[in-house]
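Novice: Please read through the structure below; I'll follow up with questions.
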Amino acid sequence: MEQRPLPAAAVDVVHQHRQVHDREVPVLRRRLADAAGPDLAALLPAAATALMDTLVLALNPSIDAEWRVADVLWEEKNNVHSERRWAGGKGINVARWLKHLGGKPQLLVPLGGQIGAELAGYLRAEKISSHIIRLREPTRVNVIVTTNARRQIRFNPLGPELSRRERDNILRVVRRILAALSVRTLKRAEARAPERGVHAASPPECLTPLLILSGSLPRGVPVTAYAQLIRSAHGFGVRTLLDCDGPAFAAAIKARPFLVKPNEHELAQWWGAHAPSRVPADASSAGSLRPEAEILRAARALSAQTRGWVLVSRGGKRGLLVNHAEGFHFTATPPRVKLRNTVGAGDALLAAVARQIQLGKPPEQWLKFGLRIGSKATRLAAGRLS
């Protein structure tokens with residue numbers, strides 16, 4: 001069967017809560033079936049009743065192990081006074097906070113070995129809904145060394161190397177879950193848009209489903225993987241939020257995600273490679289941009305390329321939200337808090353922004369709420385919500 005283009009009105013339903021007409025629904029369903037494969041039929045009954053509204057990918061997860069020491073003594077024995085372990089990695093942190101804030105995330109996470117089994121147990125204990133894909137190689141353990149002065153050193157192993165079969169399986173499962181998300185969104189839209197043509201009352205939550213891509217790509221996965229997933233999400237009417245760095249970031253932004261969240265250092269790296277020649281060569285040599293006008297300029301340039309939102313996190317300094325096409329930029333200052341930990345603060349910020357998008361809040365509120373939750377995370381032990 002020849003694949004027909006997705007009607008513009010169907011996209012409007014997903015993005016702007018408009019009425020879905022009967023003639024459009026079968027077309028989208030046929031396209032979903034073409035894209036997701038024959039197993040889509042098995043997903044449709046679940047899509048009608050599933051609680052999920054966001055798919056969060058944690059492709060290179062870890063167990064985070066915090067070692068508490070008095071101080072770090074180089075070339076000497078360092079006694080570990082205590083150890084704490086929990087499910088870690090950026091994607092898992094995002095899912096944890098999004099669930100805490102009232103969202104309904106589905107976490108897709110590849111796990112392997114005894115460490116993977118241990119991590120899966122932590123997810124079950126936290127009641128984080130997860131789709132686990134089994135790997136041949138073991139999941140990694142990240143080590144965080146925290147001193148009595150609350151200074152930290154972090155050690156992150158590379159993690160497992162995925163085979164081509166494992167990689168293709170992940171991409172296939174993601175597309176099927178995106179299809180299920182899209183079908184469920186259409187069913188909700190139909191229920192809220194009666195045939196008589198009268199728009200239903202504004203729902204308490206946005207109908208738009210989200211895909212959150214957060215963290216590094218595992219070995220064996222090409223740097224274009226996030227870009228490929230973003231394009232798939234576009235086809236299903238799913239908005240993508242992206243938080244990664246390096247070559248994966250450079251490739252992914254070409255696929256035009258709805259929102260990207262670089263920190264100041266990551267934005268400086270991108271700007272150093274893309275700034276006009278008249279910008280001084282050392283503009284990003286220190287891993288930061290100065291003054292703030294240069295940060296705004298870089299964020300606008302990035303937004304012009306993605307044609308979407310750019311959220312710049314800057315630790316305890318003012319955050320920035322930009323949309324070049326809409327002529328929008330907004331800054332806000334995070335609350336001052338007693339710093340205890342910095343692990344996962346940016347992930348908490350991204351989860352909070354995602355929740356505000358789901359609730360249909362204005363962009364100014366995305367940033368304000370995000371900075372508040374990100375600051376809250378710095379007052380807590382890593383991996384904890386209270």
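Nothing in this text is a laboratory measurement; each read-out follows from the coordinates by a stated rule. Worth saying up front: this structure is predicted, and the values here are computed from it rather than measured. Don't worry about glycine lacking a Cβ; one is built from the backbone with ideal geometry, like all the others, and counts go over all protein chains shown.
Novice: Counting other beta carbons within 10 Å of each residue's own, what order do Glu264, Glu292 fall into, fewest first? Don't skip to the answer; put the middle values down first.
Specialist: Values: Glu264 21, Glu292 13.
Sorted ascending by nearby Cβ count, the order is Glu292, Glu264.
Novice: Got the relative contact order for the stretch 312-377 handy, in percent, Cα pairs under 8 Å and 6 or more residues apart?
Specialist: Working: 90 pairs, mean separation 22.8, N = 66.
Worked out over the stretch 312-377, it gives 35 percent.
Novice: Cα-Cα over 26 Å: which of Lys90/Lys317; Lys90/Lys254; Lys338/Lys361?
Specialist: Flagged as over cut-off: Lys338/Lys361.
Novice: Got a sec to turn the phi values of the stretch 105-114 into Karplus ³J(HN,Hα) couplings, 6.51 cos²θ - 1.76 cosθ + 1.60 with θ = phi - 60°, whole Hz, x for Gly and Pro?
Specialist: Going residue by residue, I get x, 10, 8, 9, 9, x, 9, x, x, 5 Hz, with x marking Gly and Pro.
Novice: Binning at 10 Å from 0, report for the stretch 308-386 what percent of all alpha-carbon pair distances ends up in each bin.
Specialist: 21, 52, 23, 4
Novice: Quick check: residue separation of Ile153 and Ser129 times 0.36 nm, minus the Cα distance between them. What number comes out in nm?
Specialist: My answer for the length gained is 5.6 nm.
Novice: A follow-up question, please. Show the residues, 5+ positions off or on another chain, whose built amide H is closer than 5 Å to the amide H of Val56.
Specialist: Gln106, Leu107, Leu108, Ile212
Novice: Using a 10 Å cut-off on Cβ atoms, rank the peptides 225-231, 242-248 from the highest mean neighbour count down.
Specialist: Per-residue mean Cβ counts within 10 Å order the peptides as 225-231, 242-248.
Novice: Additional query: Based on other C-beta atoms within 10 Å, arrange Ser182, Ser82, Ser216 from fewest to most. Intermediate values should be presented prior to the final figure.
Specialist: Details: Ser182 25, Ser82 9, Ser216 18.
Fewest-to-most ranking of Ser182, Ser82, Ser216: Ser82, Ser216, Ser182.
Novice: Which translational diffusion coefficient, to the nearest whole µm²/s, is obtained for the stretch 344-384 from the Stokes-Einstein equation, given a Kirkwood hydrodynamic radius over C-alpha pairs, 4 °C and 1.567 mPa s?
Specialist: D = 130 µm²/s.
Novice: Next up: Using packing as a proxy for protection, rank 56-65, 161-170 so that the peptide with the highest average count of other Cβ atoms within 10 Å comes first.
Specialist: Going by the mean number of other Cβ atoms within 10 Å, highest first, we get 56-65, 161-170.
Novice: Tell me the net charge near Thr147. Cut-off is 12 Å between Cβ atoms, Thr147 excluded, with +1 for each Lys or Arg and -1 for each Asp or Glu. It would help to have the intermediate numbers written out before the result.
Specialist: On the way: positive: Arg68, Arg150, Arg151; negative: Glu66, Asp71.
So the surrounding residues net to +1.
Novice: Per-residue counts of other Cβ atoms within 10 Å, averaged by peptide: what ranking do you get for 208-215, 141-148, highest first?
Specialist: 208-215, 141-148
Novice: For a Förster distance of 30 Å, can you work out the FRET efficiency between the beta-carbons of Leu339 and Asp71, rounded to the nearest 0.05?
Specialist: Working: r = 18 Å, r/R0 = 0.61.
That pair, Leu339 with Asp71, gives E of 0.95.
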